[in-house]
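Undergrad: One structure, pasted below without further comment.
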Amino acid sequence: MTDVKGKWALITGANRGIGYRIAKTMASYGCNLILHSRNTEHTKEVLKEVLDMGVQAYDIAAELSKPEEVQKMIDQINAKGTQVDILFNDAAVQIAYRTEYYKTPVEDYTQSFLINTIAPMMLCYAFIPQMIERGFGRVINTTSGIRNEPEQAGYSASKAALDKVTNDLAGKLDGTDVIINLTDPGWCRTDLGGPNAPNDPDSVIPGIVVGAFVDDKISGRNLGAQNFVGMTLEEAVEKAKGFPKLFL
């Protein structure tokens, strides 16, 4: 199992929901953190919590629907000299639930793709080459299990696109110690999932972070968090090694 103590992880959407749980869990294993949100006012609480846990951390802001802000965030991280060893592309948006889905507006797609696909891939393209140069890296891109719901077409299409580019990169990285995988938290009672979701958001631990700890140099799997409920992290890592790759 990979030792993350002293490494640096960038977590998008770290101020609440799944991202908050990722931050607290990674800090508990000694991982230093870059905590992203739209506004650093939103990350004040989690920043204090993880600093109190004894790790190094700072917060950073970017509106992921604006590529220029994503690039500014990348530039700020590089200017600080932070080596991003682990990237959690967790932040996402579900624009609307369209019961009249044949009237889905173009904006559902443009906003969804900017936040859910383009921003994560900008971060991948910025930091994976640095990981390759150093010979170590972990990327965990959050996907969705939504199927057969045209009511959420913008969201599901943007996640399907993220799956595709993630798996294409996995084909290049497989067999190296720069490992890229997908994760799916399942339908959880978060701001995005809503109050009627069946899963407690705490159920995502340890599965949502297992991709940061796998050490078998295999990329291109979907390590869905609900497959690891009730396990220790060590047990989850061993189970993850049996998951098939999604690409051929």
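Undergrad: Would you confirm whether any residue within the range 1-17 is assigned to a helix (DSSP H, G or I) and touching a strand residue (DSSP E or B) at 6+ places or on another chain (Cβ under 6 Å)?
TA: The answer is no, given that none of the residues of the range 1-17 is assigned to a helix (DSSP H, G or I) and touching a strand residue (DSSP E or B) at 6+ places or on another chain (Cβ under 6 Å).
Undergrad: Every residue in the range 211-235 that is on the phi < 0 side of the Ramachandran plot, open to solvent by 40 Å² or more (accessible area, probe 1.4 Å) and more than 14 Å from the chain's Cα centre (by Cα), please.
TA: Result: 215, 216, 218, 226, 227, 229, 231, 232, 234, 235.
Undergrad: Still on this structure, please answer the following. Can you name every one of the helices (runs of 4 or more DSSP H) wholly within the range 57-171 that holds 2 or more residues which are over 17 Å from the mean Cα position of the chain (by Cα) and surrounded by 15 or more Cβ atoms within 10 Å (Cβ to Cβ)?
TA: The qualifying helices (runs of 4 or more DSSP H) are 67-80, 106-113.
Undergrad: Within the range 172-210, restricting attention to residues that are at pLDDT 85 or above and among the hydroxyl-bearing types (Ser, Thr, Tyr), which residue is least open to solvent (accessible area, probe 1.4 Å)?
TA: Filtering first and then ranking leaves 183.
Undergrad: Could you check, for the range 6-19, whether at least one of its residues is closer than 18 Å to residue 178 by Cα and among the aromatic types (Phe, Trp, Tyr)?
TA: Yes.
Undergrad: (1) surrounded by fewer than 24 Cβ atoms within 10 Å (Cβ to Cβ); (2) under 20 Å from residue 127 (Cβ atoms): which one isn't true of residue 20, the others all being true?
TA: (2)
Undergrad: When the range 200-248 is examined, which residues are found to be of a type in the set (Val, Ile, Thr), under 17 Å from residue 89 (Cα atoms) and free of Cβ contacts under 8 Å to residues at least 60 places away in the same chain?
TA: Of everything in the range 200-248, just one residue is of a type in the set (Val, Ile, Thr), under 17 Å from residue 89 (Cα atoms) and free of Cβ contacts under 8 Å to residues at least 60 places away in the same chain, namely 210.
The values are calculated or read from the model by the stated rules, or taken from the named source; none is laboratory data. Predicted model, so just to flag it, every value in this text is computed and none were measured. Please note: Cβ atoms are built from the backbone with ideal geometry, for glycine as well, and neighbour counts cover all protein chains shown. We work out accessible area using only protein heavy atoms, side chains counted, and drop any ligands, DNA or RNA first. Shrake-Rupley method; radii C 1.70, N 1.55, O 1.52, S 1.80 Å.
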